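Each value in this text was obtained by applying a stated rule to the coordinates, not by laboratory testing. Keep in mind that what you see is a predicted model, and the values were worked out from it rather than measured. Note: ideal-geometry Cβ built from the backbone for every residue, glycine included; neighbour counts use all protein chains shown.
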């Protein structure tokens, strides 16, 4: 079992340790359930109440709360960031063999970098370029002329269509489809004609893509995912969408064709963004929001009504559906009262 | 062609048959379209009107309606449950060969149970344990140290990440991804750091998982799906979610990280549940509901407004967006009238 | 590099060219960024402003705007349809080898048409029939007794369950699952029993299915997708759904079991349609709509509230949740005023 000293972990996060520097830490646990082999992190205010009774080996904590910590601790400015860094030390995901599995089907023209791993039953087509230290899992399909930068990690059962370009350090989870045709059709004499999707997908460095997410190729230009974008599972990104750097998007969100999302946005789960809209930088969209127009001002936006008891909601929904007539009544009442008031005033004259 | 006598099917569901016990039944059809080789089931009140004219070989029916049945019948207390049982008799899904296909890539360390079927081009990595009577289809990827209990059925193109545990009799449809990384990121100096997802996924006995559904591994603890849970297609389950036993969830529903769902819940299609919320046992969520807080009382909940004519809805949406000012007007009017009334009363004094 | 003369492209779309018929055109670009090797199309009114300054080799344009075009042009009645036709000429998607890859696992009983292409590590099970000119990519799984008509194109990592039938010219993108079990369960003594899904999926000619879309098999009858239907990515289609010919559905839409969708419908992204509802022909559903009942009249329908600033929305949501009591107040006020008026009138008598 892997273990690290308190001092080692403290150095890793540029923290200041307090207590026994040589105590061995074997893993991570929540504050309320950590034992004396586990390190824990206090970043969620809901957990402060567990601090006094924690049995953890050590707590990573900010200055403010360190004073009340009953066990070893490491003071850092941001315990959540420290959690990210230390979690990596305890990651025991098995390492893939650094070879090409004999069952993989690799075209002779493929350019393989150094130290590449390709799993069983993966196919890599002609003209593909793969950078150094790339890991590709089992049952992936990398179509013609795709480029993968250095240190990319593709899990299993991933499909990348021809000519897509992934930068360095792009991580792709299982079931992802990159570069399928955008949804472009034109109606002619009652039938749909397909619009050939001539663009591709460009994904910049440090992007992570969650399981079963789909990113369509562009109609003319490319669909572009900029550096540091983080996509959760089952996200749908339409053709010619652009997503600005370091924007993070939670699961089940759908972004329709040609929408432009700014950088440093936070987009919640199950958000829908209609086509051709522009979202500026630094916009936060709360889960379940539906975006029907462009958003030009940074800020927090939402929509959608949280659920309530069905019977009560039924009544309210019925009210909403007659809202127009209610407001008209309200306005009539307002007018009437104003008229009466004026009459009263006139009478008083 | 498979066929069963009325008596046989009646015995299967502990029913009481009436009519010709030896009549041969070759399949199932709806009440209004069944011919004299087909059995049918009356459980949906909308179909009662077809009973009088049915041409079916037999009807599975409750006591109340049996009297008006013009053909053979089987009386049971719950015809829908009888439908489930009898449908299995007519299931002609081809049986997989009970062997390991030569193209499958099975690590030497894998522990295979008795009577296991593994399809072509499936990869099973080191340390995996597979129970008896397990069927795994084609092109699946079972990563390191996964455990599959007895009688699991994995269809095709399924990806299971390392160390996930499936109990007995778990059924997984094609395109499912189990154990991909949860969506955990921390921002440091304007860039996202990944939080390693150290937990796994535990799926208990008798769970069924629909096509292209994704279940993420936990950040520290496991994501847990309890016994008898039934998941439809394209459901997204975030890290550290727990779903209580016998809860059923319809397609396209998304459950964000660390949400806890109780047992015996019924969750409709396209429901969204925000992270860290707790839903108690026996909660029904109507399709399209958005859950933004915890639900502590069993019952039926909903949200979301059914669609209507676009022009009309446009007006109503505009009204909703000004609702705050309308309600303020309403309150002002109320006050004004009250004041007037008080004045009137005072006048009358 | 492929190139075409203006005259050639004009003939292709039955247009009338104006300018230099022999000019060589090498690709397509947007009006504002096209250079003198590119053809462009004016169909979006938002782009009219770029016409005067375009540097394109030629513009495909309607009669009305042709007069103000500063470069070569082709006059057509519908430039968007012309775009679809001409885009195909510039499609450089690599052509698959017309053979069966040696790593594909094809059962001896499979009937292969002429000129069929099957990619690496694809499995085709017993009893399958494949028409002429069919292309199947890598890592697909075609289960027992499936029928594929002529000229079907299956991309990669597709899973088709047993006995499904695809017509001619059906195009299926990667990650699609066709024919998984519909979500049918019946509760008996607190536990779910599975209802075997005995139907299949029938897909008619000229259907296109986007990446990671799922179409479930029917419970008794088939799920049916009629001719010319176009489905975008990540759509979920429940068991026994029927979709009428030439209906187009955008991404992330979910259609629950037994819903019947008419022909020539346009269904936006992330629409939800509850089970057993009927949507008539020629219905347009705007993105994000939730359909809870049948729609019997052609027209445009919508629902759902576009997002707004979170703080403002929070207030409005709170108002909505109390809407019932507000409306009651409004009605009381109305009554009171009416009573007062009547009293006034009485007084005046």
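Computed on chain C, with alpha-carbon pairs under 8 angstrom and 6+ residues apart, the relative contact order is 6 percent.
In whole Å, what three semi-axes, largest first, describe the equivalent ellipsoid of the range A:66-127 built from its Cα gyration tensor (square root of 5 times each eigenvalue)?
On the way: eigenvalues 414, 31, 13 Å².
Listed largest to smallest, the semi-axes of the range A:66-127 are 45, 12, 8 Å.
Panel values: the range C:4-89, Kirkwood radius from alpha carbon pairs, Stokes-Einstein at 20 °C and 1.002 mPa s, translational diffusion coefficient 177 µm²/s. Using a 7 Å projection from Cα along Cα-to-Cβ, the label point at residue A:266 is separated from the same position in the remaining copies by 3.7, 3.7 nm, smallest value first. Calculated on the Cα set of the range C:289-349, radius of gyration then Dmax: 20.0, 55 Å.
At q = 0.05, 0.06, 0.08, 0.09 Å⁻¹, what is the log10 ratio I(q)/I(0) for the protein assembly as shown, with the Debye formula run over Cα points and no solvent? Results for the protein assembly as shown at q = 0.05, 0.06, 0.08, 0.09 Å⁻¹ read -0.35, -0.50, -0.87, -1.07. Find the percent of Cα-Cα distances in the range B:44-174 that exceed 24 Å, and round it to a whole number. So the portion of pairs separated by more than 24 Å is 46 percent. Once Rh for chain A is found with the Kirkwood sum over Cα pairs, what is the Stokes-Einstein diffusion coefficient at 37 °C and 0.692 mPa s, in µm²/s? Rounded, D is 135 µm²/s. Panel order for C:80, B:47, B:125, by other beta carbons found within 10 Å of each beta carbon, from fewest to most: B:47, C:80, B:125. Calculated mean residue ellipticity at 222 nm for chain C: -5500 deg cm²/dmol, from DSSP H runs with n ≥ 4 weighted as -39500 (n - 2.57), summed, divided by the residue count and rounded to 500. Considering only A:158, A:61, A:220, the Gaussian network model of chain A with Cα springs below 10 Å gives its largest mean-square fluctuation to A:61.
When chain C is treated as a Gaussian network with alpha carbon springs shorter than 10 Å, the biggest mean-square fluctuation among C:134, C:339, C:170 belongs to C:339.
Here is how far apart the residue A:67 label points are across copies: 8.1, 8.2 nm, shortest first, using a point 7 Å from Cα toward Cβ. For residue A:328, inter-copy separations between label points set 7 Å beyond Cα along the Cβ vector come to 2.5, 2.5 nm, shortest first. Averaging the Cα positions of each part gives two centres, and for the range B:269-293 and the range A:191-213 these lie 31 Å apart.
Quick check on the range A:158-301: take the gyration tensor over C-alpha atoms, sort the square-rooted eigenvalues as a ≥ b ≥ c, and tell me if it's rounded (a/c under 1.5), prolate or oblate. Kindly include the intermediate steps, with their values, before the conclusion.
Details: a/c = 1.74, a/b = 1.18, b/c = 1.47.
Oblate shape, in that a/c is at least 1.5 and b/c is the bigger or equal ratio.
When C:313, B:17 are sorted by how many other C-beta atoms sit within 10 angstrom of their C-beta, beginning with the fewest, the order is B:17, C:313.
Fewest-first ordering of B:40, B:284 by other beta carbons within 10 Å of each residue's beta carbon gives B:284, B:40.
Which residue fluctuates the most in chain C, going by a Gaussian network model with Cα springs under 10 Å, if the choices are C:69, C:164, C:140? Comparing C:69, C:164, C:140 in a Gaussian network model of chain C, the most mobile one is C:69.
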